[in-house]
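The block underneath contains the structure these notes are about, expressed in structure tokens.
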Amino acid sequence: MRRVGVLLGVVAVVVLLGPAAAAPKQRVTITLTEFKFTPASVTLQAGVPAVITLVNKGTVKHEFMVYTRPARAVEEWDEYAMANTYFQGIDEVEVEFAKQGAVAGTNLFEVEVQPNRTATLSFTPTKKGTFEMGCHVEGHYEAGMKGTLTVK
């Protein structure tokens with residue numbers, strides 16, 4: 001009889017919390033400073049919901065972009081990132097800014113994080129491969145603010 005009570009309790013918790021409680025999430029925190037991402041290499045599993053927390057511990061604004069690595073030098077990064085963003089075609093990407101609200105959409109190409117602020121991206125990675133992460137505030141990328149996102 002006691003087992004039935006425990007089982008019913010577990011079922012009630014799963015029903016009340018919904019699918020979010022049952023679905024495991026990949027959680028990664030990336031720290032942004034002058035002029036690097038830490039860690040500079042992130043690996044996610046395709047099909048598993050992911051939460052990436054961006055923490056700007058720097059003294060200036062930083063950007064977080066993920067895109068297909070360019071084959072040659074890029075003159076206009078915003079245009080390149082818009083056309084080649086990892087997030088293109090993903091059902092929905094939600095970005096929550098600490099104490100500032102949230103936005104959601106299907107056409108995300110950059111997240112700007114102000115100094116001493118945090119932003120959280122929630123999405124389910126679908127495209128497998130190796131992609132570049134970059135901050136394209138003037139001079140940051142050239143100073144080494146880039147990394148790799150691998151989706152397996």
Inset, instruction - Report, by residue number, each residue of the range 60-74 that is modelled with pLDDT of 90 or more and open to solvent by 50 Å² or more (accessible area, probe 1.4 Å). - result: Val60, Lys61, Thr68, Arg69, Ala71, Arg72
Inset, instruction - With the checklist (1) open to solvent by 50 Å² or more (accessible area, probe 1.4 Å); (2) over 17 Å from the mean Cα position of the chain (by Cα); (3) hydrophobic (A, V, I, L, M, F, W, C) in hand, flag the one item Met82 doesn't pass. - result: (2)
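Right, Thr120: within 15 Å of Gln26 (Cβ to Cβ) and open to solvent by 30 Å² or more (accessible area, probe 1.4 Å) or not? Let's see the steps before the verdict.
Details: within 15 Å of Gln26 (Cβ to Cβ): yes; open to solvent by 30 Å² or more (accessible area, probe 1.4 Å): yes.
Yes, satisfied.
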Inset, instruction - Might you let me know whether the range 50-65 holds any residue that is small (Gly, Ala, Ser), closer than 27 Å to Pro24 by Cα and within 15 Å of the chain's Cα centre (by Cα)? - result: yes
Legend entry - Hits in the range 130-152 (condition: hydrophobic (A, V, I, L, M, F, W, C), open to solvent by less than 30 Å² (accessible area, probe 1.4 Å) and outside any strand (DSSP E or B)): Cys135, Met145
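Assess whether Thr120 counts as being over 14 Å from the mean Cα position of the chain (by Cα) and in a strand (DSSP E or B).
Values: over 14 Å from the mean Cα position of the chain (by Cα): no; in a strand (DSSP E or B): yes.
Here the answer is no, as Thr120 does not meet what is asked.
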Inset, instruction - Could you tell me whether Phe87 is part of a loop (DSSP other than H, G, I, E, B) and either under 23 Å from Lys152 (Cβ atoms) or within 10 Å of the chain's Cα centre (by Cα) (or both)? - result: yes
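The values are calculated or read from the model by the stated rules, or taken from the named source; none is laboratory data. Note that the structure is predicted; figures quoted are calculated from it, not measured. Cβ sites come from the backbone with ideal geometry, for glycine too, and all protein chains shown count toward neighbours. Each accessible area value is taken on the protein alone, full model and side chains, heavy atoms only, with ligands, DNA and RNA left out. Shrake-Rupley method; radii C 1.70, N 1.55, O 1.52, S 1.80 Å.
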